[in-house]
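Reading through the structure tokens given below for one structure.
FYI, it's all coordinate maths here, none of it is from the lab. This is a predicted model, so every value here is computed, not measured. Quick reminder, even Gly has a Cβ in these numbers, built from the backbone with ideal geometry, and neighbours come from all protein chains shown.
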Amino acid sequence: MTKKSQYELEIVKNSIQIRNSYNKSQSYFAMLLNVSEGYIGHVENPKRPEMYTHDQLNAIAFDLGISPRLFYPDIAIDQPLPKRDAQAKLERTNLIKLGVDNLINSNFFDSKKSIKEIIVELNQQDSYLKLDLTNKDLTDILRPIVKLNTLKSVKVGTRNYYSKR
């Protein structure tokens, strides 16, 4: 399943062709745009939603001395507009919250757990593995739970760890 539209996939395909034809690496684009190399990898991955902004494409074009139009398809792509399915989003959120609630009611949070550990635990069940859980998904669920004092959050370095009070 792709996270990019057909139009976005065409832009990515063109950007990769341009990058390769100018013998530029993902690292070079990352440096130019002041982003991580991982971000460029995500942009170039059809299964990830990240995309270049118009300003980023312009910066690349300026650096290479080409027109930004070269990144875009020559003709319009016939595709449906992406739909924002509020009901599906709500069901997804409720399913994630149910999983976190089940972990709270078990002994899972008796010790500190990182977001990554929570995702790994939830992904033991097929219904969560299919959701392709992200840090943001869990953070959005955990933040109000922490405010209700059901769990506590402790920052260690750059990571938050969650445990029962």
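Seen from K47, the other residues with C-beta closer than 10 Å to its C-beta sum to a net charge of +2, counting Lys and Arg as +1 and Asp and Glu as -1. Rounded to the nearest 20 debye, the dipole magnitude of the stretch 37-154 is 520 debye, with +1 charges on Lys and Arg beta carbons, -1 on Asp and Glu beta carbons, and the Cα centre as origin.
Across the stretch 46-61, no residue has a backbone nitrogen under 13 Å from the label position 7 Å along the beta-carbon direction of D85. Going by a ≥ b ≥ c, the root eigenvalues of the Cα gyration tensor, does the stretch 1-116 fall in the rounded group (a/c under 1.5), the prolate group (a/b larger than b/c) or the oblate group? Here the stretch 1-116 falls in the oblate category. Cut-off 11 Å, label point 7 angstrom out along Cα-to-Cβ of K164: give me the residues of the stretch 107-142 whose amide nitrogen falls inside. So the set is 107-111. Here each label is just a point 7 Å from Cα along the line to Cβ, and for L131 and R69 those points are 4.6 nm apart. Per-residue ellipticity at 222 nm, computed for the chain from helices alone with -39500 (n - 2.57) per DSSP H run of at least four residues, works out to -16000 deg cm²/dmol. Charge dipole (Cα centre; +1 on Lys/Arg Cβ, -1 on Asp/Glu Cβ; no other charges) of the stretch 87-145 amounts to roughly 200 debye.
Round to the nearest 0.05 the FRET efficiency obtained for L32 and N149 when R0 = 45 Å and r is the Cβ-Cβ distance.
Rounded to the nearest 0.05, the efficiency is 0.45.
Arranged from highest to lowest average of other beta-carbon atoms within 10 Å per residue, in what order do the peptides 74-80, 102-108, 40-46 appear? Before the final figure, lay out each step's value.
Working: 74-80: 8.3, 102-108: 13.0, 40-46: 17.1.
Descending packing order for the listed peptides: 40-46, 102-108, 74-80.
Here the extension length gained between N123 and N45 equals 25.9 nm, from 0.36 nm per residue of separation less the Cα-Cα distance.
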